[in-house]
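Here the structure comes first, spelled out in structure tokens, and everything after it is commentary.
Bear in mind these aren't lab numbers, they're just calculated from the coordinates by the rules spelled out. As the structure is a prediction and not an experimental result, all values here were calculated from the model. Cβ coordinates were reconstructed from backbone atoms using ideal geometry, including for glycine residues, and neighbour counts include every protein chain displayed.
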Amino acid sequence: MEFEARLLPLVGLACAIAASVSVAETAPALAASSQGIFADGTYTGQSADAYYGNIQVQVVIQHGAIAGFKLLSYPSHTGTSIAINRQALPILAQEIVSAQSTQVDVVSGATLSSEAFIRSVASALPK
């Protein structure tokens, strides 16, 4: 399973925007400058518990900025898990790339998946 924001949509997963709840307390803010603040490369995040399974991502950094993601694992064993992640994960990826930060809102109805995705991304970003 692969997915990258902008360049790669989640394989078979549709995108719809419905963000609402802030996760300021669960993920550190990461501000990008115009020159970029990250070293180019692909960085693997820690697996984060989303209650119904774990989410783990690789973050792709190009030209010092977050360019996309590869989804290594996510809960996909039930119809509900699949439906939630089809909606939430592309939205989160797009928001993080746009913000160049993990300081984004979670997707309404997918709080646990959103928080796990954000934690995995935050743990992957080079310091």
> Arranged by the count of other C-beta atoms within 10 angstrom, fewest first, what order do 80, 111, 102 take?
Replying inline: 80, 111, 102
> Using modelled amide H (1.01 Å from N, peptide plane; none on Pro or chain starts), what sits under 5 Å from the amide H of residue 50, excluding residues fewer than 5 places away?
Replying inline: 55
